[in-house]
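Novice: My structure is below; once you've seen it, I'll send some questions.
The values are calculated or read from the model by the stated rules, or taken from the named source; none is laboratory data. None of the values given here were measured: they were computed from a predicted structure. Cβ atoms come from the backbone with ideal geometry, glycine included; neighbour counts cover every protein chain shown.
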Amino acid sequence: MPEYRADWDAFVAGSKNGTFLLHRSYMEYHEDRFTDHSLLFYRKGKLIALLPANEEGQEVQSHGGLTYGGIISDSRMKAPLMLDVFEAMVAYFREQGFRKIIYKTVPHIYHRLPAEEDLYALFRHGAVLYRRDASSVIDMAQHTGYSRQRRWEVKKAKQAGLQVLKSEDYRRFMQIEHELLQERHNKKPVHTAAEVALLASRFPRNIRLYIARAGEAIMAGILIYETATVAHCQYMGATAEGKSVGAMDVLVDHLLQTACAHKKYLNFGISTDQQGQYLNEGLIRNKESYGARTVVHDFYELAL
């Protein structure tokens, strides 16, 4: 949809629930892996909503390559109009021969204005909640504080004399991340170092890497995806030596006190697997020790 690219990006930028992940230059970094079937909705010649989507056989996903991505709308969107948008969407995909829509909501913490008209429309169309992930989020204005054990660990870690700074050494950081995921889960990161570097070059205000190092050695790193309201920890990783000196504690404290203090929320990401049915209690307990609490991310299946 190259002819609609400028309109799409301008609408996302002015929307109440869109983020930089929904810009075409982010969505298309892995376009070779997905068959795009995104939609633009117009009323009386004016663009009123977007749906980032791809097709997978007889299934529509919104969007398979993104963390979230339901209907994107602006301040003009109201509940009755969203019902009309859903009617048009369902009719269109049904005519195209698709059997169902897998709908990823945009969690409310990313909204600049209330934007849950789509949740009501999903309910009205009989959509079924099939997955619910648990994210650990800190409300920066009402931070409950560290647990007593975490306070002691942060204090101790600061005494290690680590240097905290922004970095563009995505290669070394993603190597640490790769080794951690291989060791713990026999998985690879979703992004390669080259992809992270490419996306950071396209969105320098939104994608930032913070590292803690001793001399020239990286002890730990956190890759931040920053939107209007949220600083999201896209990747977090520490070496064995970094863990021993509390490098991650120093980094998280730096984000909370300095680098991301201006954000409304700090999101550590999910601690669930198996479509939300498995909760990694050790992982979420670690995040909650920094003062994070749960915000859910819902996924729906809408039969056509």
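Novice: Among the numbered criteria (1) in contact (Cβ under 8 Å) with a residue 60 or more places away in the chain; (2) within 21 Å of Asn17 (Cα to Cα), which single criterion is violated by Glu226?
Specialist: Here Glu226 meets the rest and fails (1).
Novice: Now, a different point. Identify the single condition in (1) at pLDDT 95 or above; (2) within 24 Å of Leu266 (Cα to Cα) that Tyr130 does not satisfy, given that it satisfies every other one.
Specialist: (2)
Novice: If I filter segment 61-103 down to residues being under 18 Å from the mean Cα position of the chain (by Cα) and more than 14 Å from Leu50 (Cα to Cα), which single residue comes out as modelled with the highest pLDDT?
Specialist: Selected residue: Ile102.
Novice: Can you confirm whether segment 139-155 contains a residue that is within 20 Å of the chain's Cα centre (by Cα), buried (at least 18 other Cβ atoms within 10 Å of the Cβ), of a type in the set (D, E, K, R) and modelled with pLDDT of 95 or more?
Specialist: No, segment 139-155 contains no residue that is within 20 Å of the chain's Cα centre (by Cα), buried (at least 18 other Cβ atoms within 10 Å of the Cβ), of a type in the set (D, E, K, R) and modelled with pLDDT of 95 or more.
Novice: Looking at Tyr265, Tyr290, Tyr278, Tyr235, which one is in contact with a Pro (Cβ under 7 Å, 6 or more places away or on another chain) and either surrounded by 22 or more Cβ atoms within 10 Å (Cβ to Cβ) or in the same structural domain as Leu181 (by TED's automatic domain parsing) (or both)?
Specialist: Among Tyr265, Tyr290, Tyr278, Tyr235, only Tyr235 is in contact with a Pro (Cβ under 7 Å, 6 or more places away or on another chain) and either surrounded by 22 or more Cβ atoms within 10 Å (Cβ to Cβ) or in the same structural domain as Leu181 (by TED's automatic domain parsing) (or both).
Novice: Hand me the list of helices (runs of 4 or more DSSP H) wholly inside segment 1-100 holding 1 or more residues that are among the acidic types (Asp, Glu), surrounded by fewer than 14 Cβ atoms within 10 Å (Cβ to Cβ) and free of Cβ contacts under 8 Å to residues at least 24 places away in the same chain.
Specialist: 79-95
Conditions (1) without any contact (Cβ under 8 Å) to a residue 12 or more places away in the chain; (2) of a type outside the set (Val, Ile, Thr), marked per residue:
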site: Leu251; (1), (2): no, yes
site: Ala259; (1), (2): no, yes
site: Asp273; (1), (2): yes, yes
site: Gly282; (1), (2): yes, yes
site: Arg285; (1), (2): yes, yes
site: Gly291; (1), (2): no, yes
site: Val296; (1), (2): no, no
